[in-house]
Amino acid sequence: MTAAPLTDRWMATVRAGAQIVQAAERLLSDTYGLCVSAFEIMDVMEREGDWLRAGELSARVSRSQPQVSRLLAQMVDAGYAERRPCATDRRGFDVRLTPAGRRIFAEATATVEELLGELSGTAPEVRGLLARPGPDAPAAPVDRTFRRAGEAGVRTARTGEAPARQNERHADTQP
């Protein structure tokens, strides 16, 4: 412990978060051919329920617009998402999950829930991060607009193979 308790809590959160992301990355990749970034994008699309402007999607996830565009293209190729030109802006496009995308996301979500339960039971740092807040705790903010470099790809539903990786890849992700 340092003389900076907020920094200590932040670093504990970073370490626990990294542990969760690494375990989820391996599990999602091995089981579904998805990366954590694709899972996060699918989560936003599932919560939206219908067509969503790609730019709005980029603003809601922790990835840059070019990274979101690459992953969306991979998800479209895999049959997990569909896209159409935006009716109000010819430069943009709208996206949504396909029935196959909804199915794989539901399966992946159940698997991630199991993983998080296991990690909560075995790793004290993770348990502290995932513990349910008390009734007086403030609600966590939902809107996340920060950016982070790098991505891993998604595998196609048809072949089970990963599309070619493009440009950079986040250093802490597993293939």
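Tabulated data for the structure shown
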quantity: Simple label model, 7 Å out from Cα along Cβ direction - Asp30 to Arg91, nm; calculated: 4.4 nm
quantity: The range 1-123 shape via C-alpha gyration tensor axes, a/c threshold 1.5; calculated: oblate
quantity: Distant-in-sequence amide H partners of Gly92 (H built 1.01 Å from N, under 5 Å); calculated: Cys86
quantity: In Å², nearest 10: area of Trp51 left accessible to a 1.4 Å probe; calculated: 50 Å²
quantity: Apportionment of accessible area to carbon and sulfur, the range 15-105, percent (1.4 Å); calculated: 49 percent
quantity: Ala106 paired with Leu6, simple spin-label distance in nm, labels 7 Å along Cα-to-beta-carbon; calculated: 4.3 nm
quantity: Amide hydrogen neighbours beyond the local backbone of Ala81, cut-off 5 Å, H modeled; calculated: Val76, Thr98
quantity: Solvent exposure of the range 63-102 as accessible area per residue, Å², 1.4 Å probe; calculated: 50 Å²
quantity: Cα coordinate range in the range 1-69, projected on the principal axes (Å, largest first); calculated: 48, 29, 22
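The values are calculated or read from the model by the stated rules, or taken from the named source; none is laboratory data. All of these numbers come straight from a predicted model, not from anything done at the bench. Cβ sites come from the backbone with ideal geometry, for glycine too, and all protein chains shown count toward neighbours. Calculation scope for accessible area: heavy atoms of the full protein, side chains included, ligands and nucleic acids excluded. Shrake-Rupley method; radii C 1.70, N 1.55, O 1.52, S 1.80 Å.
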